[in-house]
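Taking it in order: structure first as structure tokens, then the write-up.
None of the figures in this text is laboratory data; all of them are computed from the coordinates on show. Everything numeric here is computed off the predicted structure, so don't read it as measured data. Don't worry about glycine lacking a Cβ; one is built from the backbone with ideal geometry, like all the others, and counts go over all protein chains shown.
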Amino acid sequence: MSKVHVTTSINGDSTEYLCDPRETLLDVLRDQLNLTGAKEGCGTGDCGACSVTMDDRLVCSCLVLGVEAEGKEIKTVEGIAEGETLHPLQRKFIEHAALQCGVCTPGILIAAKSLLEKNPDPTETEVRYWLAGNLCRCTGYDKIIRAVMDAAAEMREAA
Amino acid sequence: MSVAKPLPHDAAKLHVTGTARYIDDIPVPADCLHLAFGLSTIAKGRITAMDLDAVRNSPGVVDVLTADDLPAENDVSPSIHDEPLLSDGSVHYLGQPLFLVAATSHRAARVAASKGDVTYDEEEALLTVEAALQANSRFEDGPRIYSKGDAAAAIDGAARMVEGSFDLGGQEHFYLESQAAMAMPQESGDVLVASSTQHPTEIQHKVADGLGVPMHSVRVETRRMGGGFGGKESQGNALAVSCAIVAVKTGRAAKMRYDRDDDMVITGKRHAFKISYRAGFDEEGHLQGVEFLHLVNCGWAQDLSLPVADRAMLHADNAYAIPAIRIESHRLKTNLQSFTAYRGFGGPQGMVGIERVMDHVAHDLGIDPVELRKRNYYDAPDNRVRADNTTPYGQEVIDFELHGMTDKLLDTSNYATRKAEIAEWNAKNDRLKRGIAFSPVKFGISFTLTHLNQAGALVHIYQDGSVHLNHGGTEMGQGLFQKVAQVAASRFGIGMHLVKITATDTAKVPNTSATAASSGADLNGMAVKVACDTLRDRMAAYLSEQHQCDAASVRFEGGNVHVGENVIPFEKAAAQCYQGRISLSATGFYKTPKLKWDRIKGEGRPFFYFSYGAAITEVVTDKLTGEYRILRTDILHDAGATLNPVLDIGQVEGAYVQGAGWLTTEELVWNDKGRLATHAPSTYKIPACSDRPDVFNVDLWDGKNREDTIYRSKAVGEPPFNLGISAWLALSDAVGAYGDAYPAINAPATSEEVWRSIRRVSDGV
């Protein structure tokens, strides 16, 4: 099958790639662009480990085709920090020990960031249900919720 | 000192920036091959023909291997050589690897692997423990029986008796990173393997056997796993061996990772049990005799099933001094995935058995279940009342912490008031009922295969004072690397920034045991301490000679070495020792003392010590749908003198949720042909963020290990998994509020099972 030329923006950088029309955005990110932060946990959109945003919409990159990124803005975990300066969510995840094996962490950070952009002052229940599509097998979620709530508070203060 | 500080996970910054490398993230050479297995589509039978032309002709395929193409031993079993890498013509479960495809991409390999044309002579599969028992299909020649006293006579002579039987389902590990390995060919037929494994030495061993080379020709490296939970103790063998064989055969790097569905269909899970019990007791609830029958579903290959089933028997007493007990365990061979290690390693199944008995006895007598449990506890070390505090296997319980822990948890959780309030609330509500339950944990620490209780470490100090740390333990998210690095930094009295944590590597520390049985920090922490102390002694001897003082007075603290009146920065001290031609590299070795165990007789001291925990869970159930929620959980857990409280609490929280998941929403379903229907997160329900208890209070017990472990800490990986039993018991309590009969709830208590139990209790159907 002939490859398709795609022009897109990834973490603010304009990017071009050739991809098989059957290839997922996740595979393009990981195998072609060497952005391995997004993980394949299930490949069926059920675990959230591959979460990225496309034009600020939270998506499972395993359910998006590489060709669909044409003309869109893609954001991944690699773009959350500004250089060496970590985003408040990243700092709070470290501070609250909200990670163990780390495979779900990139997806959860992307999902949490997406929530806080829509709703800077979420209730705990809103955080829990927003993140219900991101599975974590290690932590039991408690520290994740605390980290998101704490980051939200800090970001509100800074805003 | 770094020990006991709440430092974050060693790779935390890499994780939040997406830069931590797992196997599938390691850059590969452009010509790297990707592998996939062709899987059986029947559960039992013989292959009569295997036409793989379509596989070979599929785009991107470079090679296709069957059992006949393997260079040496066709086996990936960790125990009795009964697990062929590729089918030898016989099929033992649906999903068994039959052939191996090497292709230019992961997708090309998977697409090709689905094109095999295999015909079978199908036989009737054994899919349940009942069918296997009837067919006498089992591992070992007969059941194992551990006993103490005459349980049957004690039960028959008791004032009261309960009996019952229930199903206890298995559990998928669902590590977020599926199984993965990569092999890179080296000169002269050697191979370097990167593997997501809890047991690099076993990978090295099986790869060497699979290639027909000595172990010294194979080097295995494991930096981290994306979760393990026991599922990467033996289940990674097939991938690593396949990669090594293809790499050596083709001269190209080879990588294999299971797609999630393949992972769930191919690999083993927690053993499912059917447990029957009979218990005799007096009117006050003192147990006098208990009998258990464990029917253990081991699946098609032996794997680690014998020690798993043994550990279930060794936890059949949990926290209770039972005067007479008999545990009969049948290790049954069925045509399902080969059930394997999973956090707790059989212990949770054994514990669920006795906690079910306690629940049933409390219901029968109408007394408070916590009071009943306390009456049957082993004695506290400082308050010996019973004549006999030995376990059913003859180990005396000398470190029992649960009296104090139980009282404290009842107090902090406000149990008595809430229990009364719940009863009142339930009396006013017909549709919704709340339930509350307590469960204690006493978990034995040590591998029951005594020789595994050993560990090695390798520590270098470079001339700039930086330290390179290596040991046999593996990092799967639990924070082991950080805890052990804290030990090293503490021994040298230096900051954590001077200690480099490095990947587990069979070329640095050989003959390691799996990072399993919660032993990681206990064993490797001690081995690292020994290595560090050797280096300290060498440095102290040299520096004291230089400065004319007593070597024993040299102290390592605050980043300095104190030699007589001189305070030398550690970096400078290292440089001086190097110039003085002092060896700054040392190995450390540790073996757990005091162990003696005969698994056939069921006698001895299999455990160095016990870890304890206690949990109280409150739930609410819905009569019409069987749906439920966990409202609140309170936990007090014993990690001894913790090496790192934040990592240990993280283990406790995660373990509780995983344990509760096992007994509530996580249901494995096979159809009548042996096909796993729950083969992805779409159909297999692990707890999500929204399932976390609404209120979740977790604390560590302020105590020290009474045995001489690393800084008097206790193992923390598996014990808290068992705290999840309180969620299952809380559901039993809530269901019991719908009527008078005992709920006799099965596990997992899915909404369907809760709904059925409510109907049994309220309508007698």
Ignore the peptide's own chain and count Cβ atoms of other chains within 10 Å of each Cβ in B:361-372; give me the average, rounded. 0
Inter-centroid distance (Cα atoms) of segment A:1-70 relative to segment B:85-104, Å: 32 Å
Pairwise centroid distance, computed over Cα atoms, of segment A:93-159 with segment B:603-631, Å: 26 Å
Rounded to the nearest Å, the spacing of the alpha-carbon centers of segment B:35-63 and segment B:236-295 is 26 Å
Take the alpha carbon gyration tensor of the protein assembly as shown, find the square roots of its eigenvalues, order them as a ≥ b ≥ c, and report rounded if a/c is under 1.5; if not, report prolate when a/b exceeds b/c, else oblate. rounded
Give a residue-ordered list of calculated ³J(HN,Hα) values for segment B:99-113 (Karplus: 6.51 cos²θ - 1.76 cosθ + 1.60, θ = phi - 60°; whole Hz; x for Gly, Pro). 9, 10, 10, 10, 9, 7, 8, 4, 5, 4, 5, 5, 4, 5, 4
3J(HN,Hα) from dihedral phi, segment B:716-724, Karplus parametrisation 6.51/-1.76/1.60, rounded to Hz, x for glycine, proline: 9, x, 8, x, x, 3, 5, 5, x
Scoring chain B by relative contact order with C-alpha pairs under 8 Å, at least six apart, yields a percentage of 15 percent
Rounded, prolate or oblate: pick one for chain A, where a ≥ b ≥ c are the square roots of the eigenvalues of its C-alpha gyration tensor, a/c under 1.5 means rounded, and failing that, prolate if a/b is larger than b/c, else oblate. prolate
Quick query: amide H of A:ARG137 versus all other amide H atoms, modeled in the peptide plane; which residues come in under 5 Å with a sequence gap of 5 or more or a different chain? B:LEU176
For a test of the definition: using alpha carbon positions, the gyration tensor, and the 1.5 limit on a/c, classify chain B as rounded, prolate or oblate. oblate
Compute the longest continuous run of chain A that contains no exposed trypsin sites (Lys or Arg not before Pro); treat a site as exposed when its DSSP state is not H, G, I, E or B and it has at most 15 other Cβ atoms within 10 Å. A:23-159
In sequence order, calculated HN-Hα J values of segment B:319-327 (Karplus, 6.51, -1.76, 1.60; Hz; x Gly/Pro): 9, 10, 7, 9, x, 9, 8, 9, 10
Can you give the mean number of other chain Cβ atoms that lie within 10 Å of the Cβ atoms in peptide A:31-38? 3
What list do you get for A:SER14, B:SER690, B:SER242 if you sort them by fewest beta carbons within 10 Å? A:SER14, B:SER690, B:SER242
A:ASP56/A:ASN119 FRET efficiency (R0 22 Å; Cβ-Cβ; nearest 0.05): 0.95
Spin-label pair B:ALA427/B:TYR120, simplified geometry with 7 Å Cα→Cβ offset, distance in nm: 5.9 nm
